[in-house]
Amino acid sequence: MNYGNIKNTDIANGEGVRVTLFVSGCTHHCKNCFNPETWDFNYGTAFTEETENKIIELLKPTYIKGLTLLGGEPFEPQNQKTLLPFIKKIREIYKDTKNIWSYTGYVYDKDLVKGGRAYTDCTDELLSLIDILVDGPFIEAKKNIMLKFRGSSNQRVIDLKNTLKLGKICLYMQ
């Protein structure tokens, strides 16, 4: 997996000050995507153990609330395979002191469930490690700059922990 950028202090992609990893590779190709260069799976820099260690270090300060994954597309099947062991490591190191947000153009209850087009043997475990999932493709016709943490009104900000616990979609109340 490659990544396009790491933001050390990001306040736009989740609550609080966050470290943000922009992974490379996306097959959605949403019209007027804010980050189209990351569609290419070969864009950017190889995601290595050194990259993991850098992010782990960036997460250390107490003012950093957590990690956000976006892209590109974190839930492209080949990206899931690389992200799962990394996110497991983040959880082991930081327990519940840092939260994890992820953005995806896939629809949670359609594409990321067994039989869905982005479902892999990693998907369930990866989802279980994420606190908040912003799902759905960016749709230009539904763009709304007044929305918090999402670009178009079809996208949902899902409280994934409660969703998995209760077995039904629970939206995150901001």
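In the chain, a dipole from Cβ-located charges (positive for Lys and Arg, negative for Asp and Glu) runs towards its positive end, and of LEU171, GLN78, ILE6 it is LEU171 whose Cα lies farthest in that direction.
Can you give me the % of accessible surface on the chain that is carbon or sulfur? Probe 1.4 Å, all protein chains present, nothing else counted. Ligands and nucleic acids excluded, carbon and sulfur reach 53 percent. Annotation: per residue accessible area for the range 49-174 equals 50 Å², rounded to a whole number [probe 1.4 Å, protein chains only].
Using a Gaussian network model of the chain in which every pair of alpha carbons under 10 angstrom is joined by a spring, one finds that among ASN162, ASN154, ASN32 the greatest mean-square fluctuation is at ASN32. For the range 3-12, 3J(HN,Hα) computed residue by residue from phi via the Karplus equation (6.51, -1.76, 1.60; θ = phi - 60°) reads 9, x, 6, 10, 9, 6, 9, 10, 10, 9 Hz, glycine and proline entered as x. What the phi angles of the range 162-172 give under the Karplus curve with 6.51, -1.76 and 1.60, with θ = phi - 60°, is a coupling list of 5, 4, 5, 5, 8, x, 8, 4, 10, 6, 7 Hz, glycine and proline written as x. Estimated from the Cβ-Cβ distance and a Förster radius of 25 angstrom, the FRET efficiency linking THR62 and ARG117 is about 0.05. Just so you know, the Cα atoms of the range 134-174 work out to an Rg and Dmax of 11.2, 33 Å. When TRP101, TRP39 are compared by accessible surface with a 1.4 Å probe, the order from highest to lowest is TRP39, TRP101. In this structure, the amide hydrogen of GLY66, modeled 1.01 Å from its nitrogen in the peptide plane, lies closer than 5 angstrom to those of VAL19, ASN99, counting only residues at least 5 positions away or on a different chain. Expressed as a fraction of 2.2 N^0.38 Å, the value expected for a compact globular protein of N residues, the C-alpha radius of gyration of the range 11-73 is 1.23. Translational diffusion of the range 17-111, estimated by Stokes-Einstein from the Kirkwood radius over alpha carbon pairs at 37 °C in a medium of 0.692 mPa s, is 235 µm² per second. For VAL23, nonlocal amide neighbours, meaning residues 5 or more places apart or on other chains whose placed amide H falls under 5 Å from its own, are GLY4, LEU70, GLY71.
The range 118-174 and the range 1-63 have Cα centres lying 17 Å from one another. For the pair LYS88 and GLU52, how long in nm is the line joining their label points, each one 7 Å along Cα→Cβ? Label-label distance for LYS88 and GLU52, simple model: 1.0 nm. When only the Cβ of Lys, Arg, Asp and Glu is charged (+1, +1, -1, -1), the dipole of the chain relative to its Cα centre reaches about 560 debye. With Cα extents along the principal axes in Å defined as stated, name the option among (i) 51, 34, 28; (ii) 39, 37, 35; (iii) 54, 32, 32 computed from the structure displayed. Identified label for the calculated read-out: (ii).
The values are calculated or read from the model by the stated rules, or taken from the named source; none is laboratory data. Quantities reported herein were computed from a predicted structural model and do not represent experimental measurements. Using ideal geometry, Cβ is built from the backbone for each residue, glycine included, and neighbour counts are taken over all protein chains shown. Surface accessibility is based on the protein's heavy atoms, side chains included, excluding ligands, DNA and RNA. Shrake-Rupley method; radii C 1.70, N 1.55, O 1.52, S 1.80 Å.
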